[in-house]
């Protein structure tokens, strides 16, 4: 793998430790590469089990490596390492001044640390906006005690940061969430819940308790349950599924208070909304509501059974309703674009490119199961808050259990 030969000037390293800090874990932060996810604009995107997160790195001609990452055990961080920096003492702090091109100047305390034999500086627990500003700068100069330590170009780091964040979102650490849930249950004297192998979203389509979702959400599940926030989960059965169109029909005992109508006439640019339960164990359990537009009337490869939409979609949204501004179902959320895969070929990170199965395809699937979805009307336009309240009345979280 060839890294970009950017200009990187390094002055002799003469660094003074200011104060010692009792932070042995971070002083030994493991930045091992357990899996290479991809490469964007010369920056490698990788996953590390050591801090349960993704990070992006670029190594320059003098062997200095810049790493930007986020993990379950260490939040947003920036690190610099170099095999020649032998005088740095892990566990001690160094007062550094970082000057960015067009983004101002910042003073802060970096912690000395050891990365598998290479020593360097790391500053953890940063805010995401700081990293965005850092990556959008044309370059940086690092100084300590008025002495220049390093100067480098940051070309391509903005795209790499976006890819790193996408990597982390796609690798939400479900094992940590499961462990926390089990520990909380034990503290309350409750039995451990069955482990959730995967989860998605669904919505009621009949007064008989039928629920529409994606085939890939329920595929190979040993036990299916649905739930709404604040209520116990209910076991449901799989009635039928369509692998080609990625649709499935479930049925339980509960009956919905409201049923959505289906509308098949959608125009390019129409406003739409998504409600569902993405990133289970990470985001809020009360449901997630996002807005966007229909950005294309066909999916990948001009698939006419799908729309392309701009509303943000995450793992767990699959199977949820795509609503128009009148509260009608115009589609079923099915997928998000693999931004890292696309970035490998385009050298850019696509944003807000997601897909939904058209209501006409979903209606045809329901008809084969003996159900008829009511036709939607334009009616009264709802403001976003009312639209979210309406979606909550017929949308459920779908959980695929291990048994």
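The values are calculated or read from the model by the stated rules, or taken from the named source; none is laboratory data. All values derive from a computational prediction rather than experimental measurement. Quick reminder, even Gly has a Cβ in these numbers, built from the backbone with ideal geometry, and neighbours come from all protein chains shown.
General observations
- Strands (runs of 3 or more DSSP E) contained entirely in segment 30-78, each with at least 1 residues that are at pLDDT 75 or above and closer than 20 Å to residue 108 by Cβ: 53-59, 65-71
- Each residue in segment 211-244 was checked for being in contact with a helix residue (DSSP H, G or I) (Cβ under 7 Å, 6 or more places away or on another chain) and surrounded by 14 or more Cβ atoms within 10 Å (Cβ to Cβ), and 5 of them qualify.
- For the residues 202, 189, the requirement of being at pLDDT 90 or above and farther than 30 Å from residue 35 by Cβ singles out 202.
- Strands (runs of 3 or more DSSP E) enclosed by segment 291-388 - at least 3 residues per element that are over 20 Å from the mean Cα position of the chain (by Cα) and either at pLDDT 95 or above or in the same structural domain as residue 275 (by TED's automatic domain parsing) (or both): 329-336
- Where strands (runs of 3 or more DSSP E) fall wholly inside segment 213-284, the ranges with 2 or more residues that are over 27 Å from the mean Cα position of the chain (by Cα), closer than 14 Å to residue 396 by Cα and without any contact (Cβ under 8 Å) to a residue 40 or more places away in the chain are 234-242.
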